[in-house]
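Participant: Just dropping this structure here.
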Amino acid sequence: MQSGTRIGMDWINRYIDQPLLHGAAGLLRSWHLRTRQPPELLEPVWNLVVLSFLLIASGQVMAGKPFALSVAALLMLALPSGRKLLSAVKARGSSYGARQYKSLRAQAIAKREAEWSVRIIVLFASACLPFIARIDEPVGAYFMLGASVWFVLTGPLKAYLDAAEPPEPNEGDRMVSGAFHFG
């Protein structure tokens, strides 16, 4: 029995968890190369994009008090991401460097090892949530649909971005690569 469990865990790790970690690392690398922003800002930006989409969608299907309530709920969900982005703007003088890279890398390694099962549970829950959440009342159904969409689009991404290998600070820097490659 224990051998079968171990084989199943190895299969999940090899074919689900590791490819998603590599994909998240590639996403962080692309974000850093394109925007020249620290990789830890990708998750709050993505969260705000998803919440903006949900705000537009709720404006299309709700009116009155339900719409005001959905706006308030979306604003509460946006506050942590907004605070993180504002603190990054205030600390604009400190760019992404070796110290931040080492810190993010150490945190990612710790999360990669310690939170393996949490990532899989979040992934499984995000895959099942839209199918198991049924509410008969229309406004409640819209809220649950919005919550499901938000969780599906942000929960697994956050879990995998936190555990992914961050890009090196000078990755893609033409000055650094040009200094070592002649001709």
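We did not get these values from a lab; they are worked out from the coordinates using the rules stated. Quick caveat: nothing in here was measured; it's all calculated off a predicted structure. All Cβ positions, even for glycine, are placed from backbone atoms using ideal geometry, and neighbour counts span all protein chains on display.
Participant: Ile16 to Ala110: FRET efficiency via 1/(1 + (r/R0)^6), r the Cβ-Cβ distance, R0 30 Å, to the nearest 0.05? Provide the component values of the computation, followed by the final result.
Facilitator: Details: r = 21 Å, r/R0 = 0.69.
Efficiency at R0 = 30 Å is approximately 0.90.
Participant: For the range 97-152, give the magnitude of the charge dipole about the Cα centre (Cβ charges: +1 Lys/Arg, -1 Asp/Glu; no others), in debye to the nearest 20. Don't jump to the answer; show the numbers that get you there.
Facilitator: Numbers: 7 positive and 4 negative charges, 114 e Å.
About 540 debye.
Participant: A further question on this structure: With runs of 4+ DSSP H residues as the only contributors, calculate the mean residue ellipticity of the chain at 222 nm using -39,500 (n - 2.57) per run, divided by the residue total and rounded to the nearest 500. Intermediate values should be presented prior to the final figure.
Facilitator: Numbers: 8 runs with 143 residues, N = 183.
It lands at -26500 deg cm²/dmol.
Participant: Only Lys, Arg, Asp and Glu count, each charged at its Cβ (+1, +1, -1, -1), so figure out the dipole size of the chain about its Cα centre, rounded to 20 debye. Please report the intermediate quantities before stating the final value.
Facilitator: Details: 19 positive and 13 negative charges, 101 e Å.
Using Cβ point charges on Lys, Arg, Asp and Glu, the chain gives about 480 debye.
Participant: How would the range 52-103 be classified by its alpha-carbon gyration tensor: rounded, prolate or oblate, with rounded meaning a/c under 1.5 and the a/b versus b/c comparison settling the rest? Each step should come with its number before you reach the end.
Facilitator: On the way: a/c = 4.25, a/b = 3.57, b/c = 1.19.
Taking the square roots of the gyration eigenvalues as a ≥ b ≥ c, the range 52-103 is prolate.
Participant: Let me ask something else. Given that compact globular proteins tend to follow 2.2 N^0.38 Å, what is the ratio of the alpha-carbon Rg of the chain to that value?
Facilitator: On the way: Rg = 19.8 Å, N = 183, 2.2 N^0.38 = 15.9 Å.
After normalising by residue count via 2.2 N^0.38 Å, the value is 1.25.
Participant: Enumerate the calculated ³J(HN,Hα) couplings along the range 73-84 in order (Karplus 6.51 cos²θ - 1.76 cosθ + 1.60, θ = phi - 60°), each rounded to whole Hz, writing x wherever the residue is Gly or Pro.
Facilitator: The phi angles translate into 5, 5, 5, 5, 5, 7, 4, x, 5, x, 5, 5 Hz.
Participant: Same structure, new question: Would you calculate the separation in nanometres between label points at Arg34 and Gln100, each defined as 7 Å from the Cα along the Cα-to-beta-carbon direction?
Facilitator: Result: 1.9 nm between the two label points.
Participant: How much FRET efficiency would the formula 1/(1 + (r/R0)^6) give for Ile7 and Ala125, where r is the Cβ-Cβ distance and R0 is 25 Å, rounded to 0.05? All intermediate terms of the calculation are to be shown ahead of the outcome.
Facilitator: Working: r = 24 Å, r/R0 = 0.94.
Result of the calculation: an efficiency of 0.60.
Participant: Separate question: Treating only the Cβ of Lys, Arg, Asp and Glu as charged (+1, +1, -1, -1), what charge dipole size does the range 53-145 show about its Cα centre? Round to the nearest 20 debye.
Facilitator: Numbers: 12 positive and 4 negative charges, 149 e Å.
Charge dipole of the range 53-145: 720 debye, to the nearest 20.
Participant: Over 5 Å intervals from 0, what percent of Cα-Cα pairs in the range 32-71 sits in each interval?
Facilitator: 6, 22, 19, 15, 11, 10, 8, 7, 1
Participant: Something else about it: Classify the range 79-118 from the C-alpha gyration tensor, please: rounded if a/c falls under 1.5, else prolate or oblate depending on whether a/b exceeds b/c. Could the numbers behind the result be given before it?
Facilitator: Values: a/c = 6.16, a/b = 1.49, b/c = 4.13.
Here the range 79-118 falls in the oblate category.
Participant: A further question follows. Which listed residue (Ile56, Gly97, Leu74) has the Cα farthest towards the positive end of the charge dipole for the chain, taking +1 on Lys and Arg C-beta and -1 on Asp and Glu C-beta about the Cα centre?
Facilitator: My answer, from the dipole projection, is Gly97.
Participant: Which lysines, on any chain, are close to Lys158 with Cα under 30 Å apart, when same-chain ones fewer than 8 places away are left out?
Facilitator: Lys84, Lys90, Lys102, Lys111
Participant: So if I take the centroid of the Cα atoms in the range 114-165 and the same for the range 1-69, what is the distance between those two points in Å?
Facilitator: Between the Cα centre of the range 114-165 and that of the range 1-69, the gap is 9 Å.
Participant: Moving on. So which trypsin sites (Lys or Arg not before Pro) in the range 101-138 are both in a DSSP loop and have at most 10 other Cβ atoms within 10 Å of their Cβ? List each step's numbers first, then the result.
Facilitator: Details: sites: Lys102, Arg105, Lys111, Arg112, Arg119, Arg134; in loops: Arg134.
Taking the range 101-138 and a limit of 10 other Cβ atoms within 10 Å, the loop trypsin sites (Lys or Arg not before Pro) found are Arg134.
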